[in-house]
1. Taking K357 as the residue in question, decide whether it is surrounded by fewer than 17 Cβ atoms within 10 Å (Cβ to Cβ) and assigned to a loop (DSSP other than H, G, I, E, B).
2. Whether any residue in the range 283-305 is of a type in the set (A, V, I, L, M), surrounded by fewer than 16 Cβ atoms within 10 Å (Cβ to Cβ) and farther than 22 Å from H384 by Cβ is what I want to check.
3. Please enumerate the residues belonging to the range 28-40 that are of a type outside the set (F, W, Y), within 14 Å of M182 (Cα to Cα) and either within 22 Å of the chain's Cα centre (by Cα) or crowded, with 17+ Cβ neighbours inside 10 Å (or both).
4. If you scan the range 269-278, which residues turn out to be under 20 Å from A169 (Cβ atoms) and not in a strand (DSSP E or B)?
5. V159 fails exactly one of the following numbered conditions: (1) open to solvent by less than 30 Å² (accessible area, probe 1.4 Å); (2) touching a Pro at 6+ places or on another chain (Cβ under 7 Å); (3) over 30 Å from L235 (Cα atoms). What is the number of that condition?
6. Just name the residue that is farthest from N279 (Cα to Cα) out of those in the range 201-258 that are touching a residue at least 40 places away in the same chain (Cβ under 8 Å), among the charged types (D, E, K, R) and not in a loop (DSSP other than H, G, I, E, B).
7. Within the set of pairs 6+ apart or on separate chains, which have a first residue in the range 171-184 that is of a type in the set (V, I, T), a second that is crowded, with 22+ Cβ neighbours inside 10 Å and in a loop (DSSP other than H, G, I, E, B), and C-beta atoms under 6 Å apart?
Amino acid sequence: MVNKDSTKDKNKKPIWVKNRHKRVFAFLRVLMTPFVRLRYNFKCEKSKLPKGPYLIISNHQSTMDPFFLSLSFKFPIYFIASDDIFNLKVSPLIKYLVAPIPKSKSMKDLTAMKNVIRVIKEGGAVGIFPEGNRTLSGGQWELDDAIAKLAKNLKVPLVIYNISGGYGADPRWGHCVRKGRMNGYIKRVISPEEISTLSVEELFKIIKTELKVDDTNLNIKFQNRKRAEYIERVLYICPVCGAVSSFVSHKDKFICKNCNVSAEYTPNLKISPTVKEYNRIYEWFEWERNEIVNRVLSGEKFFDDNIIFRESIKLKRKKKLLGDRVTIGIENLTISSKKGQMVFPLKDITAITMVGKKKFNFYFSDKILQVKGNKRFCAIKYVHIFDGLRKKGVL
């Protein structure tokens, strides 16, 4: 006699992990391998890990990182992806083919975590970039210990993957790929048994250390005649005269319009000559993120014109709103136009996060609102101001 319940369990289809994803990933590996070798000079070590549930984490350097990482594995990887991917015309196709897990940037998303658990229970591998944002400066973006807590709760092997050369080849602030060399490889695999012996603090320290990659130490040259262009998206305060948004870049050099200090961004990812004491972008970046907060605390406000203001609605197209100037101070973020202004108290904003190269999202009253600037717009200064004020206890 057949047990009806057991028959029902056998016929139950996976909710998230589908057989078609294996075929799609296999096809993409064949298609993408020659492309990334020619375009990025990317090579990766092939993993011998068998199919099974894994939590795979990696540093985040370039737009193509999910593709780079996937080439090392023989099975599909279900990546956590930001809201913006689900606002594209091709979003339904992406969802059907590779089933990414949607998540709001810089915010806790319980639905996303439930979907991660669902994929793991179905035997799938989940891919996460714990920095949550691809590096803008070449240094490690701030990490949250939530990734260590997740690794302990999932009770599956933790695979730590490294991508090197991505920042040199395709810096987030730039607009062209440079000729150099990229590599992808598994740095470490931590078993569930080992994870269980570690505290959250111990595991988090390991994760931070193993994910850290500094392309300026690779001794590789990344060649392009326009390698400095749009560097003002990341370097927004002049250390010499203190002017904000005063840099203009052209080809391999950039200059401050206020004091005329200039420098080259070299093929080995250095600033030459050194501007004040900074010859690496991430050193300058750490200084200015503190400097901008101190200036806001002293009463300064900062603004940008010619912006586009819109609402980002998950799984739908963005809705354009009125506004062509954004201003931020110690209390408010303001969007203004000839027809009026909208004031958003910073204390009521849940988070501000950079999106892409020249946009930032802010989360206000259950809405995702987006500011998009022109091609030289520096979005990160708004993130630095908000995060810095929060750390100071002002918000």
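The values are calculated or read from the model by the stated rules, or taken from the named source; none is laboratory data. Please read all numbers here as calculations on a predicted model, not as lab measurements. Cβ sites come from the backbone with ideal geometry, for glycine too, and all protein chains shown count toward neighbours. Surface accessibility is based on the protein's heavy atoms, side chains included, excluding ligands, DNA and RNA. Shrake-Rupley method; radii C 1.70, N 1.55, O 1.52, S 1.80 Å.
1. So K357 fails the test.
2. Within the range 283-305, the subset of a type in the set (A, V, I, L, M) is 292-293, 296-297.
Now restrict to residues that are surrounded by fewer than 16 Cβ atoms within 10 Å (Cβ to Cβ): 297.
After this cut, where a residue has to be farther than 22 Å from H384 by Cβ as well, the list is none.
Within the range 283-305 (the criterion being of a type in the set (A, V, I, L, M), surrounded by fewer than 16 Cβ atoms within 10 Å (Cβ to Cβ) and farther than 22 Å from H384 by Cβ), the answer is no, since none of the residues qualifies.
3. Passing the criteria: V36, R39.
4. Answer for the range 269-278, where residues must be under 20 Å from A169 (Cβ atoms) and not in a strand (DSSP E or B): L269, K270.
5. Single failed check for V159: (2).
6. Out of the qualifying residues, it is E201.
7. V177/D170
Per-residue answers, yes or no, for (1) within 21 Å of D170 (Cβ to Cβ); (2) of a type in the set (D, E, K, R); (3) buried (at least 22 other Cβ atoms within 10 Å of the Cβ):
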| position | (1), (2), (3) |
| --- | --- |
| L198 | no, no, no |
| E201 | no, yes, no |
| F204 | no, no, no |
| D214 | yes, yes, no |
| K221 | yes, yes, no |
| L235 | yes, no, yes |
| C241 | no, no, no |
